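Working notes, beginning with the structure itself.
The values are calculated or read from the model by the stated rules, or taken from the named source; none is laboratory data. As the structure is a computational prediction, the values presented were derived from the model and not from experiment. Here the Cβ is made from the backbone with ideal geometry for all residues, glycine too, and neighbour counts use every protein chain on show. Accessible surface areas use protein heavy atoms only, side chains included; no ligands, DNA or RNA. Shrake-Rupley method; radii C 1.70, N 1.55, O 1.52, S 1.80 Å.
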Amino acid sequence: MLSMNINDLGWDKHFSEHFESLGRSDFLPARVLLETARVYSVFCSSGELSAKISGKLVHKASGREDFPVVGDWVAIKPNSTEQKATIHRILPRRSAFIRKEAGKRTEPQVVAANIDTVFMVCGLDGDFNPNRIERYLAVAWESGAKPVVVLNKTDICADVDDAVATVESLVPGIPVLPMSAIKNIGVDTLCAHIRFGETVAFLGSSGVGKSSLVNALLGMERQRVRTVRGDDSRGRHTTVHGQLFVLPEGGVLIDTPGLRELQLWSDNEGLARAFDDIKELSSQCRFKNCRHDTEPGCAVRQALEDGTLTDRRWQSYMKLKNELSHLEGRRNTKSKLVEKKRKKDLSAHIKRVHKRPRT
Ligand code: GDP
Ligand code: ZN
């Protein structure tokens, strides 16, 4: 049984400063381990508690991103009687992974918060797909987390060096770590990228070996966050069934189903960072608003011709850009509808106020 404190879970200066600035001595800092139907499992200095959000927090929320998610640091007030608490604030997120909701609605959904490093896992088998790496990279940049590319299944790849070189040229400046989760080769280099108090997560398609890597990191057995209750005279231990794990070597791992299959919900900034070579080229075009089509003096078309920019990368960029503007359009339509409803609500409210009998 491990005894944890909030520093093990990544509590640091950044969050404690935000917490102090609330100026509330009745609040305690806590990290969200799990959410089920707006009932949260949180970890604080007195162990694991079940928590609900305060009515004020619900009232002030303007969208789903205003509700706590796994990884969030929150300010809670423990109930004096049971092992329960109320969440009063969400401390500003350092990073947030946002997912486009399934189906037609496009309200962004935060799936996890405060991840420092994200390992984008690809399998060096049939799955190996540079386009997908670019996609995930755009999502990672947008989240605010630092991306690291993991090329798993080196044991069944004929030319690992070639694959590493391909990815390195695709994502200059980002660490590329070849490894085999099954043979336990190279997993130690992964550990070297996780510092004490840092929060990490694995991203990537199904079947690339994320579970195998998680198990390798956790020493085969999933070690959930546990604590010894300080005030428990019966000496019972609390075991947390969360989606947040403290690694044996230090560091925190977030593993949620939502993160595992992240759809694209990116903005132009994430895209620009994932394709900064194209951004750089565009800035060299003769015309500022060059569409890289038939304009003279187009640096992008020049690069495509002389091969410094591959056709595949250009196509991948255009595809992502189109998806984004499509999403953008849907989002705008939606915010117009919200605005319309707000005006309607307001005029209904005004009518009610006017009808109210004078006292
Ligand atoms: P996940 O869906 O990303 O969590 O992937 P899993 O960890 O479940 O792995 C999917 C499949 O790939 C399983 O059959 C694993 O045994 C296999 N696998 C995982 N890592 C490796 C590896 O390093 N080498 C090989 N050859 N297979 C692996
Ligand atoms: Zn151009």
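Here is a list: Leu281, Leu304, Leu264. Which entry is more than 11 Å from ligand 2 (Cβ to nearest atom), aliphatic (A, V, I, L, M) and either modelled with pLDDT of 85 or more or under 24 Å from the mean Cα position of the chain (by Cα) (or both)? Give the derivation first.
Details: Leu281 fails: more than 11 Å from ligand 2 (Cβ to nearest atom); Leu304 fails: more than 11 Å from ligand 2 (Cβ to nearest atom).
Exactly one of Leu281, Leu304, Leu264 is more than 11 Å from ligand 2 (Cβ to nearest atom), aliphatic (A, V, I, L, M) and either modelled with pLDDT of 85 or more or under 24 Å from the mean Cα position of the chain (by Cα) (or both), namely Leu264.
For the range 79-108, give me each residue that is open to solvent by less than 30 Å² (accessible area, probe 1.4 Å), at pLDDT 85 or above and among the β-branched types (Val, Ile, Thr). Walk me through how you get there before you give the answer.
Restricting attention to the range 79-108, the residues satisfying the condition of being open to solvent by less than 30 Å² (accessible area, probe 1.4 Å) are 85, 87, 91, 95-97, 101, 106.
Next cut, at pLDDT 85 or above only: 85, 87, 91, 95-96.
The answer is Ile87, and nothing else.
Against the condition among the basic types (Lys, Arg) and within 16 Å of ligand 1 (Cβ to nearest atom), how does Arg93 come out, does it pass? Break it down into steps so the answer makes sense when it comes.
Working: among the basic types (Lys, Arg): yes; within 16 Å of ligand 1 (Cβ to nearest atom): no.
Against the criterion (among the basic types (Lys, Arg) and within 16 Å of ligand 1 (Cβ to nearest atom)), Arg93 does not qualify.
Just give me the residues in the range 187-202 being within 10 Å of ligand 1 (Cβ to nearest atom) and either surrounded by fewer than 14 Cβ atoms within 10 Å (Cβ to Cβ) or among the aliphatic types (A, V, I, L, M) (or both), in sequence order.
In the first step, residues of the range 187-202 are kept if they are within 10 Å of ligand 1 (Cβ to nearest atom); the result is 187, 202.
Selection gives Val187 alone.
Would you check which residues across the range 137-186 are in a helix (DSSP H, G or I), open to solvent by 80 Å² or more (accessible area, probe 1.4 Å) and modelled with pLDDT under 90 and list them?
Here is the first cut: in the range 137-186, the residues in a helix (DSSP H, G or I) are 137-143, 154-156, 160-170.
With open to solvent by 80 Å² or more (accessible area, probe 1.4 Å) added as a condition, the list becomes 156, 161-162, 168-169.
Within the range 137-186, Glu168, Ser169 qualify.
Got a number for residues in the range 172-215 being β-branched (Val, Ile, Thr) and free of Cβ contacts under 8 Å to residues at least 60 places away in the same chain?
If we filter the range 172-215 for residues that are β-branched (Val, Ile, Thr), which is where we start, we get 174, 176, 182, 185, 187, 189, 194, 199-200, 208, 214.
Then keep just the ones that are free of Cβ contacts under 8 Å to residues at least 60 places away in the same chain; that gives 174, 176, 182, 185, 187, 189, 214.
Total satisfying the criteria: 7.
Among the residues of the range 211-219, are any part of a loop (DSSP other than H, G, I, E, B), under 24 Å from Arg132 (Cα atoms) and at pLDDT 75 or above?
First, the residues of the range 211-219 that are part of a loop (DSSP other than H, G, I, E, B): 218-219.
Narrowing further to those that are under 24 Å from Arg132 (Cα atoms): none.
For the range 211-219, residues part of a loop (DSSP other than H, G, I, E, B), under 24 Å from Arg132 (Cα atoms) and at pLDDT 75 or above: absent.
Can you name the condition, by its number, that Thr36 falls short on among (1) over 29 Å from Gln109 (Cβ atoms); (2) without any contact (Cβ under 8 Å) to a residue 12 or more places away in the chain?
Going through the list (1) over 29 Å from Gln109 (Cβ atoms); (2) without any contact (Cβ under 8 Å) to a residue 12 or more places away in the chain, Thr36 breaks only (1).
Run Ser205 past the list (1) among the polar types (S, T, N, Q); (2) more than 10 Å from ligand 1 (Cβ to nearest atom); (3) touching a strand residue (DSSP E or B) at 6+ places or on another chain (Cβ under 9 Å) and report the number of the one that doesn't hold.
Failed condition: (2).
May I ask you to verify whether Val111 is at pLDDT below 90 and open to solvent by less than 30 Å² (accessible area, probe 1.4 Å)? Don't jump to the end; show me each part of the working.
On the way: at pLDDT below 90: yes; open to solvent by less than 30 Å² (accessible area, probe 1.4 Å): yes.
The answer is yes for Val111.
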